[in-house]
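Student: Attaching a single structure in structure tokens format; questions to follow.
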Amino acid sequence: MDLAEWFRAKRWVALLELIDNLPTACRLNEAIANDPEAAAHLAELRLSKPEDADPWSPRISEFDLNITMLREILHAIKGLRQVSIAAAGGKPGEEKPFPAPYTEIDRAIESAERNWAELFVQQFGFKSDDI
């Protein structure tokens, strides 16, 4: 693949797709994070994020076995911290788990469960708004 050839041929979509598929830990993302104009724009986008937007979750392409194992270790450490605080007589707060990838499969499962719940409550004379 010759990127200069793509540039001369004005294959902008292909170049943008290639850039979008770069891993998170790459020099391009480091340069973007250290660019004052890009940083100001990204900060503005983050502050104007709507309340009902999906929470952040890692990309499924970057969530391999190593990350899965590290996530399990992190959850175990958080659990041990909870136990230690409780054993010392304190009241441990609620720990939020590290997010896993959120895909269309997860959205489809939530939709199917919601549909089932709506049908179930309608059998007893309730409306789907009552859930």
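Student: Could you figure out which of (1) modelled with pLDDT of 90 or more; (2) more than 30 Å from ALA25 (Cα to Cα) isn't true of ILE77?
Tutor: Against the list (1) modelled with pLDDT of 90 or more; (2) more than 30 Å from ALA25 (Cα to Cα), ILE77 comes up short only on (2).
Student: Can you confirm whether TRP12 is within 30 Å of ASP130 (Cα to Cα) and either modelled with pLDDT of 90 or more or of a type in the set (Val, Ile, Thr) (or both)? Let's see the steps before the verdict.
Tutor: Working: within 30 Å of ASP130 (Cα to Cα): no; either modelled with pLDDT of 90 or more or of a type in the set (Val, Ile, Thr) (or both): yes.
No; evaluated as a whole, the condition is false for this residue.
Student: Considering only residues that are within 29 Å of ALA53 (Cα to Cα) and more than 25 Å from the chain's Cα centre (by Cα), which ones fall in segment 65-108?
Tutor: If the condition is that a residue be within 29 Å of ALA53 (Cα to Cα) and more than 25 Å from the chain's Cα centre (by Cα), then PRO92 is the only one that fits.
Student: Hey, does segment 99-110 have a residue that's of a type in the set (Ser, Thr, Tyr) and farther than 30 Å from PRO23 by Cβ?
Tutor: In the first step, residues of segment 99-110 are kept if they are of a type in the set (Ser, Thr, Tyr); the result is 102-103.
Right, trim to farther than 30 Å from PRO23 by Cβ and you get none.
No, segment 99-110 contains no residue that is of a type in the set (Ser, Thr, Tyr) and farther than 30 Å from PRO23 by Cβ.
Student: Would you check which residues across segment 2-53 are in contact with a Leu (Cβ under 6 Å, 6 or more places away or on another chain) and β-branched (Val, Ile, Thr) and list them?
Tutor: Listed by number, the list is empty, since nothing qualifies.
Student: List the residue pairs whose Cβ atoms are under 6 Å apart, where the first residue sits in segment 80-107 and is basic (Lys, Arg), the second is assigned to a helix (DSSP H, G or I) and exposed (fewer than 12 other Cβ atoms within 10 Å of the Cβ), and the two are 6 or more positions apart or on different chains.
Tutor: Cβ pairs passing all conditions: none.
Student: Additional query: Consider segment 85-130. How many of its residues are more than 30 Å from GLU62 (Cα to Cα) and outside the structural domain of THR68 (by TED's automatic domain parsing)?
Tutor: Here the count works out to 16.
Student: Inspect all residues belonging to segment 2-16 and state whether any of them is of a type in the set (Asp, Glu), assigned to a helix (DSSP H, G or I) and either touching a Ser or Thr at 6+ places or on another chain (Cβ under 6 Å) or closer than 26 Å to ILE60 by Cβ (or both).
Tutor: Looking for residues that are of a type in the set (Asp, Glu), assigned to a helix (DSSP H, G or I) and either touching a Ser or Thr at 6+ places or on another chain (Cβ under 6 Å) or closer than 26 Å to ILE60 by Cβ (or both), one finds none in segment 2-16, hence no.
Student: Under 8 Å by Cβ, and 6 or more places apart or on different chains, what pairs join a residue from segment 43-67 that is within 18 Å of THR24 (Cα to Cα) with one that is surrounded by fewer than 10 Cβ atoms within 10 Å (Cβ to Cβ) and modelled with pLDDT under 85?
Tutor: ARG59/THR24; GLU62/THR24
Student: Out of all the residues in segment 28-51, is one or more within 30 Å of ARG107 (Cα to Cα) and either basic (Lys, Arg) or touching a Cys at 6+ places or on another chain (Cβ under 6 Å) (or both)?
Tutor: So far as segment 28-51 goes, yes, one or more of its residues are within 30 Å of ARG107 (Cα to Cα) and either basic (Lys, Arg) or touching a Cys at 6+ places or on another chain (Cβ under 6 Å) (or both).
Student: Of (1) loosely packed, with under 10 Cβ neighbours inside 10 Å; (2) over 19 Å from the mean Cα position of the chain (by Cα); (3) charged (D, E, K, R), ARG114 satisfies all except one. Which?
Tutor: Of the numbered conditions (1) loosely packed, with under 10 Cβ neighbours inside 10 Å; (2) over 19 Å from the mean Cα position of the chain (by Cα); (3) charged (D, E, K, R), the odd one out for ARG114 is (1).
Student: Out of segment 17-27, which residues are part of a helix (DSSP H, G or I) and of a type outside the set (A, V, I, L, M)? Write out each step before concluding.
Tutor: Start the filter on segment 17-27 by keeping residues that are part of a helix (DSSP H, G or I), which leaves 17-20, 27.
Once the filter is applied, which keeps residues that are part of a helix (DSSP H, G or I) and of a type outside the set (A, V, I, L, M), segment 17-27 yields GLU17, ASP20, ARG27.
The values are calculated or read from the model by the stated rules, or taken from the named source; none is laboratory data. Only a predicted model underlies this, so the values are computations on that prediction, with no experimental measurement involved. Quick reminder, even Gly has a Cβ in these numbers, built from the backbone with ideal geometry, and neighbours come from all protein chains shown.
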